[in-house]
1. Can you pull the semi-axes for segment 1-102, root of five times each eigenvalue of the Cα gyration tensor, sorted largest first, whole Å?
2. Output the peptides 78-90, 128-140 sorted from most to least packed, where packing is the average of other Cβ atoms within 10 Å over each peptide's residues.
3. Which of the pairs Lys78/Lys142; Lys85/Lys142; Lys25/Lys148 have their Cα atoms more than 22 Å apart in this structure?
4. Report the far tail of the P(r) of segment 45-207, meaning the percent of Cα-Cα pairs longer than 29 Å.
5. Between Leu63 and Thr32, with labels modelled 7 Å along Cα→Cβ, what's the label distance in nm to one decimal, could you check?
6. So for the pair Leu24, Thr189, with labels modelled 7 Å out along Cα→Cβ, what separation do we get in nm?
7. How large is ³J(HN,Hα), in whole Hz, for each residue of segment 58-74 in order, when computed from phi with the Karplus curve 6.51 cos²θ - 1.76 cosθ + 1.60 and θ = phi - 60°, using x for Gly and Pro?
8. In whole Å, how far is the Cα centre of segment 125-184 from that of segment 29-94?
Amino acid sequence: MSPLPYRLRDSLLLSLLLIGLIILKLVGLLNTLDRVTHSLFPKVNPLWATVLSLSASLPSLVLYAIALLALDIRREGKVRPLTVKLALAIIINSLSTWLLKEFTRVPRPGDRNAWGLLEASRYSFPSGHTSRAFTLAYFLSKKGGLIKLLWAYATLVGIARLALSVHWFSDVIVGAVLGVWACVLTENTYRYWLPIYNNIIGRVRLLKLE
């Protein structure tokens, strides 16, 4: 039997890892780890953590995508596939995060008053900010340069969510995996969703992908 193509293999492995972590969370096998790591962070709202959280909010990522679109049109005269993939990954990411939050309904570890201005959801699992940060780092790292800095930024966003006492450790880990999974899924299914995209959105010349 021939081996699986590496793209399919990567998607499968990430999917299995994500499903496995979700199952561990649901059956409570990560609860002890969550409590221990939560106790290690001071219950304060440092400015750096707040700024990092805001930088990975959904409105911020929408603004980043719009900025990339404007940059594409200015430099290339049309949108690039990387920008469309980022936008689609953000959509997949956000929808998956919302569904998991509503399905699992894991309460946040901190006081709601401490994070009310930063969050719209009262549920914790998984961390949407962390998943969005890893999605952003994944695609922007493909533009070349500052690769280590981008992944460091995504990791710091996860740490910031812990420092703000709005997430458990497992929320952040699953958020990171989910963010990368959304990117890999978007890339590996490109040839399947490209015709649909071009038939709908690609009717606008500037947004058409070749």
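Computed from the coordinates by the stated procedures, all read-outs in this text should not be read as laboratory data. All values derive from a computational prediction rather than experimental measurement. Here the Cβ is made from the backbone with ideal geometry for all residues, glycine too, and neighbour counts use every protein chain on show.
1. Semi-axes from the Cα gyration tensor: 32, 26, 11 Å.
2. Answer by packing, highest mean first, reads 128-140, 78-90.
3. Lys25/Lys148
4. That fraction is 21 percent.
5. 4.4
6. 2.5
7. With the stated coefficients, segment 58-74 comes to 4, x, 5, 5, 5, 5, 4, 5, 5, 5, 5, 4, 4, 5, 4, 5, 5 Hz.
8. Result: 7 Å between the Cα centres.
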